[in-house]
Amino acid sequence: MYLGIDIGGTRLKCGLVSAQGEILRSADTHSPASRLALESALAALIPQVLEGRIPLAAGFGCKGIIDTSDTTVRTLPGVWGFLTGVRLRDLLNGLIPAATPVAADNDAKTALAGEMAWGAARGRKNALLLTLGTGIGGAILSDGRILRGAADVAGHLGHVLADPHGAPCFCGNHGCLEAVFSARAIEAEAWSLVHRGCASPMTDILRAHPETLSTRFVFEQAALGDPLAKHILHSKLRVFGAVLAGLLHAFDPEVVILSGSIADAGPAVFEPLQKEIDWRVHTLLKRSVPLVKTGLQDTSGVAGAAALAHLAITS
Ligand SMILES: [Zn+2]
């Protein structure tokens, strides 16, 4: 059994995961605001999930850039910023035996580890994973290994260029994919239509009930035939498809795994995107690279973190 710990979003999650990827026990809490609070939270949660059992290994999935050689957090903006410079394995002192192997990586890479061990990348040597939520996370499986690059930064597919004249991104670059296609970018586009006085059933609802706005709402309105919602999604999916085609040419994957809240929209995302990439890559790749949903039952991040630990000691 493996201990998986997910540090991300607004929750801290821990779980005991079997060698087959089943979550045996899990527990979570609101994100602590300091290292001391985090240590207290882990000291409460981990004994709950272990119930006296000793894991073969432990894994952390964490936002930001993680030094995988020693589990140190290199860069982590936002609410978890207090972890910058912290060696994550030190947080487990006294909670698991000192000799237990501990691995850590960026949470999109641990999600890919989960897919490799128990999900849609199982048995594959080349795959791309993109988590499509408020931002875009990415990870690359290349020739059987998770690509980490010279400084563990590789795989930040949300910061691949989508538009050289595009909006500023939090990373300092302009026109990143994340600034064009994320949930926040879709919502921002809907708002701009309201502000510019464009009329449609969707903008009428948003004017009267601004709190209604979500990416899901835009997808629902598009499904009902709203022309502006359809326009937003059509244009953004086209850009995403074009970027994805470039990634397919660069990495030649067997499969592309899409997860997160935007992927949850299902065929409304997968079908137009598959068409868009197919025509763009046909000449060089001579095949259709399937876009698939996550193959994991658990998408909380715990299984991925446990899979990282599992792969670290078995491969
Ligand atoms: Zn960026």
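Scan region 174-181 and give yes if some residue there is modelled with pLDDT under 95, away from the ligand (no atom under 14 Å from the Cβ) and among the small types (G, A, S), otherwise no. Scanning region 174-181 turns up no residue that is modelled with pLDDT under 95, away from the ligand (no atom under 14 Å from the Cβ) and among the small types (G, A, S). Against the list (1) in a strand (DSSP E or B); (2) over 19 Å from the mean Cα position of the chain (by Cα), the condition S40 fails is (1). Within region 55-83, being open to solvent by less than 10 Å² (accessible area, probe 1.4 Å) and out of contact with any Lys or Arg (no Cβ under 9 Å at 6 or more places or on another chain) holds for P55, A57, G59, C62.
Just one of the numbered conditions (1) more than 12 Å from the ligand (Cβ to nearest atom); (2) more than 20 Å from the chain's Cα centre (by Cα); (3) at pLDDT below 95 is not true of P101: (3). Is it the case that some residue within region 61-76 is assigned to a helix (DSSP H, G or I) and either modelled with pLDDT of 95 or more or in contact with a strand residue (DSSP E or B) (Cβ under 8 Å, 6 or more places away or on another chain) (or both)? The answer is no, given that none of the residues of region 61-76 is assigned to a helix (DSSP H, G or I) and either modelled with pLDDT of 95 or more or in contact with a strand residue (DSSP E or B) (Cβ under 8 Å, 6 or more places away or on another chain) (or both).
Within region 182-196, the set of residues being away from the ligand (no atom under 12 Å from the Cβ) and open to solvent by less than 30 Å² (accessible area, probe 1.4 Å) comprises A183, I186, A190, L193, V194. Restricting attention to region 17-37, the residues that are free of Cβ contacts under 8 Å to residues at least 40 places away in the same chain and either in a helix (DSSP H, G or I) or of a type in the set (A, V, I, L, M, F, W, C) (or both) total 4. Might you let me know whether region 32-54 holds any residue that is out of contact with any strand residue (DSSP E or B) (no Cβ under 9 Å at 6 or more places or on another chain), buried (at least 21 other Cβ atoms within 10 Å of the Cβ) and of a type in the set (G, A, S)? No, there is no match, as no residue in region 32-54 is out of contact with any strand residue (DSSP E or B) (no Cβ under 9 Å at 6 or more places or on another chain), buried (at least 21 other Cβ atoms within 10 Å of the Cβ) and of a type in the set (G, A, S). Residues of region 57-112 that are polar (S, T, N, Q) and closer than 22 Å to A127 by Cα: T68, N106, T110. If only residues of region 130-168 that are within 15 Å of the ligand (Cβ to nearest atom), of a type outside the set (V, I, T) and open to solvent by 40 Å² or more (accessible area, probe 1.4 Å) are counted, the one that is farthest from A188 (Cα to Cα) is H156. Tell me, please, whether a residue that is under 12 Å from A305 (Cβ atoms), in contact (Cβ under 8 Å) with a residue 60 or more places away in the chain and under 17 Å from the mean Cα position of the chain (by Cα) can be found in region 72-92. No, every residue in region 72-92 fails to be under 12 Å from A305 (Cβ atoms), in contact (Cβ under 8 Å) with a residue 60 or more places away in the chain and under 17 Å from the mean Cα position of the chain (by Cα).
The residues of region 169-180 that are without any contact (Cβ under 8 Å) to a residue 12 or more places away in the chain and open to solvent by 60 Å² or more (accessible area, probe 1.4 Å), listed by number, are G172, H174.
The values are calculated or read from the model by the stated rules, or taken from the named source; none is laboratory data. Just so we're clear, the structure is a prediction, and the values are computed from it rather than from any experiment. For neighbour counting, all protein chains shown are included, and Cβ atoms are generated from backbone atoms with ideal geometry for every residue, glycine included. The accessibility values were calculated without ligands, DNA or RNA, using every heavy atom of the protein model including side chains. Shrake-Rupley method; radii C 1.70, N 1.55, O 1.52, S 1.80 Å.
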